[in-house]
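The values are calculated or read from the model by the stated rules, or taken from the named source; none is laboratory data. A quick note: this is a predicted structure, and the numbers were derived from the prediction, not measured. No Cβ is skipped: glycine too gets one built from the backbone with ideal geometry, and neighbour counts run over all protein chains shown.
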Amino acid sequence: MTDATKSPSVPQGGSILSSGLDDVLEPSPGSLMRKRVFGHTGLVIGGGVLLIIFLMAVLAPVISPGDPYDQDLSRKLIPPIWHDSDKVTWDHPLGTDLLGRDYMTRLFYGARISLLIGFAAMLISGVIGTTLGVLAGYFGGKVDMVVNFIITTRLSMPVVLVALAVVSLVGSSLTVVIWVLGLLIWDRFAVVMRSATQQVRGLDFVAAAQSLGCSTRRIILSEIMPNIANHLIVIATIEMAHAILLEAALSFLGLGVQPPDPSWGLMIAEAKGMIFFDAWTITIPGIALFALVLSINLLGDGMRDVTAPENRN
Amino acid sequence: MSNKILEVQDLTIDIPTPSGTLHAVQKVSIHVDRGETLCIVGESGCGKSLTSLAIMDLLPKKAMRTATRLELAGESVFEIGERRMSDIRGNRMSMIFQEPMTSLNPAYTIGDQLTEALRRHRKVSRSEARDRAVFLLEKVGITAAASRLGQYPHQLSGGLRQRVMIAMALMCGPDLIIADEPTTALDVTIQAQILHLLAELQREFNMGLILITHDLGVVARIADRVAVMYAGQIVETGSAAQIFSAPAHPYTRGLLACIPIPGKTERGAHLGAIPGIVPSLVGKMSGCHFASRCPEVQQNCTSAPIPQFEALDPGRSVRCLQAENAAMRSAGQEGVA
Amino acid sequence: MIQFALKRLGVAVLVALTVSILSFSMIYLSGDPAIALAGEGASEEDIENVRRVYGFERPIIVQYGDWLLRALQGNLGHSNYLKADVASVVFERLPTTMILGASALIFALVLSIPLGVLAAIRPNSMIDRFALTVAMIGQAMPSFWFALTLILWFGINWRLLPISGTASWQNFVMPSIALGYYVTPAVMRLTRAGMLEVLSSDYIRTARAKGLRPMTVLFKHALRNAIIPVVSLSAVQFGFMLGGSIVIETIFAINGLGFLVWESILRADLPMMQAIVLVLSIIYILLTFLADLLNGFLDPRIRVS
């Protein structure tokens with residue numbers, strides 16, 4: 001470390017007067033955090049877009065122009081309103097699909113499925129991965145070896161392939177998709193939590209807790225977990241985004257969410273045949289997926305920056 | 001021809017930080033003669049390492065460097081561009097760093113890292129470069145030098161790596177070597193060997209040597225002249241004998257009081273310590289930087305502008321108002337007598 | 001080095017065995033594999049027949065041992081649907097997928113390594129922001145949607161590239177981009193992070209203090225060290241791409257393993273599914289093993305111990 005990086009951490013002390021004032025004028029941790037959060041462009045944009053999509057999902061029955069399952073072949077494939085066509089109508093701002101269902105409505109209801117699957121799969125994988133990772137990191141030795149072996153084995157099996165095969169064998173439903181994804185994508189949680197735990201475990205306050213005779217359970221829950229929570233949040237966003245993309249891919253391949261439920265991946269699959277003449281049927285749900293995943297990633301990156309600013313770059 | 005190898009005048013380093021400009025080094029002036037060892041002493045964070053990096057033009061990008069003079073053997077090397085500067089680095093002046101464990105590239109052999117500097121600066125064949133590397137490895141006291149060339153840094157101990165670093169610095173036969181705390185990371189027994197080696201090589205090749213350290217024991221052993229740095233400024237310079245026998249700055253006296261002297265320091269007696277903390281160098285500063293910790297502080301020390309250098313004896317200066325007063329008083333007494 | 005390689009090989013074999021157990025037991029997920037194999041509307045007699053032919057009435061451990069033994073001899077079973085030997089179909093389709101994976105990886109590396117290096121040389125500059133944006137977009141874009149968008153513009157609107165099949169090298173351009181783009185962010189971020197770390201290391205300062213030219217410092221001293229973790233990551237990503245090839249091959253109608261496995265899944269061709277999961281996993285294990293060896297070779301701290 002050079003002098004340059006050390007010096008700024010030298011406490012104030014040049015003038016008694018100025019250091020006294022600094023203490024008084026120092027902003028509170030809460031306001032500092034607010035400043036950091038709202039000063040972070042990515043975090044604000046990501047959080048904002050995610051909030052909008054979340055509201056779309058929650059309020060879908062209220063704000064939707066129609067019913068997501070209501071078919072009417074007489075009004076099929078109406079283009080969205082910005083298209084130059086005499087078919088366009090404000091009744092269907094984003095047009096209708098091949099079966100005449102309102103596209104905007106299906107988009108809103110699709111957000112429910114994406115968010116539900118993403119969140120639930122993330123939760124399951126988070127519990128599995130964190131448990132494995134923390135145990136491996138805390139106990140080390142044989143436990144670590146076994147966990148490492150499980151992680152390596154899991155990584156060697158291609159996710160999409162195994163998910164497709166399992167879903168096809170067990171039978172496809174929302175619950176099955178959630179469980180299959182949750183049981184498959186815990187690897188990153190385990191890897192990151194393992195190394196984070198290893199780092200924290202070596203710190204003095206853990207040794208202090210051990211010397212006080214705290215139980216292992218207590219040390220893990222109240223000494224280690226709080227200190228690795230920021231990593232946990234970041235991985236959670238990454239895996240939620242990952243699960244959403246995987247669900248979309250499974251549904252696109254016909255083995256995820258089943259028709260007539262409106263999943264964005266499924267909407268793109270149904271629109272695949274229209275690529276030559278009605279490409280907007282692909283573009284709209286694609287952009288929705290892209291925006292959702294991007295906003296979750298921005299939120300995760302932003303939270304990493306805000307909770308641990310010294311770790312940037 | 002002047003004997004001066006290096007002349008630095010008013011070297012200043014500013015580093016912008018979120019809370020204001022950090023005045024890391026302020027108007028530092030030093031010079032080194034051929035065959036002379038200058039020790040820069042000070043506690044960590046006082047700017048001594050930055051000073052050495054600034055001379056080599058190796059400062060981090062965000063650090064801003066200014067100087068009225070920066071000359072190597074009478075030739076300006078200030079702001080001459082990266083291309084010309086890189087012709088000088090490792091060639092006419094080289095540097096030895098603090099951390100031998102991390103200062104060698106783990107991916108290449110010792111031989112490769114030794115010869116590449118020579119092959120960069122001189123038109124020599126591979127085998128000539130290799131011979132020079134073997135010669136210097138033997139010079140720095142490495143046995144079986146030829147077989148070491150094929151080894152990787154991780155196969156060598158810290159002491160051996162620092163010897164390799166020294167040999168590397170000598171490859172092109174530089175006029176000046178800057179050693180930044182070269183022994184800090186090493187075992188105590190090896191520290192003495194490395195210092196001894198540096199001093200010996202410096203005499204043999206008649207180079208200028210700047211040794212940066214916080215260890216006054218090291219200074220006492222090999223320095224010709226000493227510059228004491230505190231909070232970005234040089235507070236006192238003089239010959240090693242002058243500094244040790246008659247330290248003029250309270251900070252220097254404080255530092256010297258921190259060293260136990262076998263036989264003199266009684267068992268159980270308190271070793272000196274300088275109370276207080278180093279002032280922040282961020283933002284505007286006024287008065288003496290040491291004032292807040294100085295046992296002899298007077299009222300005008302904090303209010304007056306930063307005290308300037310005053311020559312006491314030839315080649316000797318100190319940055320202290322009280323020392324200046326004392327000098328004036330003694331001069332006055334001499335006048336009366 | 002030999003000890004290191006043997007240790008890695010041991011782990012690889014163990015992982016491969018575990019994977020073989022998992023792929024074998026996969027077919028029991030549907031409950032009774034005989035029912036699944038016999039197909040819909042099969043009579044009780046047909047199912048019983050299938051059960052006897054496949055030996056499902058034996059204890060599972062015996063079935064597994066038998067299956068593994070035959071797999072080791074290159075016999076991966078028989079596809080009732082294709083009326084063909086599974087192994088020969090799989091190895092007939094494998095090269096296409098490997099070519100797709102390799103060209104996608106090359107695309108990803110050619111895009112991400114220079115971008116990562118440039119971003120690390122000038123952190124927070126325009127190029128750094130551009131690189132991070134590329135990474136951000138790459139991570140968020142569903143690969144199948146990106147593939148369809150490519151088809152829409154390059155294939156349909158501008159008619160620059162063929163949109164399906166494997167007739168010529170041009171057929172592989174869009175699939176490679178669609179598949180490779182997905183792994184670009186990870187490689188780029190790792191290159192950038194590695195370069196940033198290496199560039200601030202002491203030995204880079206030493207190299208500069210020696211007066212070496214900036215290009216020598218950058219390529220000989222910095223990139224050489226920063227690239228080591230990228231090698232392992234590339235192997236891992238190549239494995240991921242083999243998995244991801246299902247989506248891309250389906251969209252571009254490329255007759256590789258991905259397309260085959262999708263078809264097999266849709267028609268419940270159990271031996272084929274089993275075989276492909278096994279083969280892709282083994283390829284992944286081999287790749288990571290080779291990457292470990294390559295790492296050992298690139299890093300003298302492992303090679304010379």
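Just a few scattered comments:
- The sole residue among C:Val90, C:Val15, C:Val11 that is touching a Ser or Thr at 6+ places or on another chain (Cβ under 6 Å) and either outside the structural domain of C:Phe252 (by TED's automatic domain parsing) or not acidic (Asp, Glu) (or both) is C:Val15.
- There is at least one residue in segment C:242-254 that is away from chain A (no Cβ under 11 Å), farther than 28 Å from C:Leu294 by Cα, aliphatic (A, V, I, L, M) and crowded, with 23+ Cβ neighbours inside 10 Å.
- One residue from C:Glu40, C:Glu57 being out of contact with any Leu (no Cβ under 6 Å at 6 or more places or on another chain), within 14 Å of chain A (Cβ to nearest Cβ) and modelled with pLDDT under 85: C:Glu40
- Some residue of segment A:59-79 being under 32 Å from the mean Cα position of the chain (by Cα), within 18 Å of A:Asp278 (Cβ to Cβ) and not charged (D, E, K, R): yes
- Helices (runs of 4 or more DSSP H) contained in segment A:155-226 and holding at least 1 residues touching a residue at least 24 places away in the same chain (Cβ under 8 Å): A:159-170, A:174-184, A:187-201
- Candidates are the residues of segment B:160-173 that are small (Gly, Ala, Ser) and surrounded by 19 or more Cβ atoms within 10 Å (Cβ to Cβ); the one that is nearest to the chain's Cα centre (by Cα) is B:Ala169.
- Checking each residue in segment A:203-257 for being closer than 29 Å to C:Ile137 by Cβ and not hydrophobic (A, V, I, L, M, F, W, C) picks out A:Asn230, A:His231, A:Thr237, A:Glu239, A:His242, A:Glu247, A:Ser251, A:Gly254, A:Gly256.
- For segment A:156-177, the condition holds for no residue, the condition being that it is of a type outside the set (Val, Ile, Thr), within 12 Å of A:Ser125 (Cα to Cα) and more than 11 Å from chain C (Cβ to nearest Cβ).
- Complete set of residues in segment C:255-284 that are surrounded by 24 or more Cβ atoms within 10 Å (Cβ to Cβ) and closer than 16 Å to C:Leu9 by Cβ: C:Tyr284
Yes/no per residue for (1) of a type outside the set (D, E, K, R); (2) within 14 Å of chain B (Cβ to nearest Cβ); (3) more than 19 Å from the chain's Cα centre (by Cα):
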position	(1), (2), (3)
C:Ile137	yes, no, yes
C:Asn157	yes, no, yes
C:Ile163	yes, no, yes
C:Ser176	yes, no, no
C:Arg192	no, no, yes
C:Glu197	no, yes, yes
C:Ser200	yes, yes, yes
C:Thr216	yes, yes, yes
C:Pro229	yes, yes, no
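- For C:Ala131, the requirement of being more than 7 Å from chain A (Cβ to nearest Cβ), within 16 Å of C:Ser112 (Cβ to Cβ) and crowded, with 18+ Cβ neighbours inside 10 Å is met.
- Reported count of residues in segment C:113-141, each being touching a residue at least 24 places away in the same chain (Cβ under 8 Å), assigned to a helix (DSSP H, G or I) and closer than 27 Å to C:Phe259 by Cβ, is 2.
- In segment A:263-279, of all residues being in a helix (DSSP H, G or I) and facing chain C (nearest Cβ under 10 Å), the one that is surrounded by the fewest Cβ atoms within 10 Å (Cβ to Cβ) corresponds to A:Lys272.
- Residue count, segment C:50-86 (criterion: more than 28 Å from the chain's Cα centre (by Cα) and surrounded by 16 or more Cβ atoms within 10 Å (Cβ to Cβ)): 5
- Residues of segment A:167-201 classified as touching a helix residue (DSSP H, G or I) at 6+ places or on another chain (Cβ under 6 Å), over 14 Å from A:Gly133 (Cβ atoms) and hydroxyl-bearing (Ser, Thr, Tyr), total: 1
Yes/no matrix, rows are residues, columns are (1) of a type in the set (Gly, Ala, Ser); (2) within 8 Å of chain C (Cβ to nearest Cβ); (3) in contact with a Leu (Cβ under 7 Å, 6 or more places away or on another chain); (4) in a loop (DSSP other than H, G, I, E, B):
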position	(1), (2), (3), (4)
B:Asn91	no, yes, no, yes
B:Met95	no, yes, no, no
B:Met101	no, no, no, yes
B:Asn105	no, yes, no, yes
B:Thr115	no, no, no, no
B:Arg120	no, yes, yes, no
B:Val124	no, no, yes, yes
B:Glu138	no, no, no, no
B:Gly141	yes, no, yes, yes
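- Helices (runs of 4 or more DSSP H) enclosed by segment A:1-80 - at least 2 residues per element that are at pLDDT 80 or above: A:41-58, A:60-63
- Taking (1) within 10 Å of chain C (Cβ to nearest Cβ); (2) at pLDDT below 90 in turn, B:Thr109 satisfies each apart from (2).
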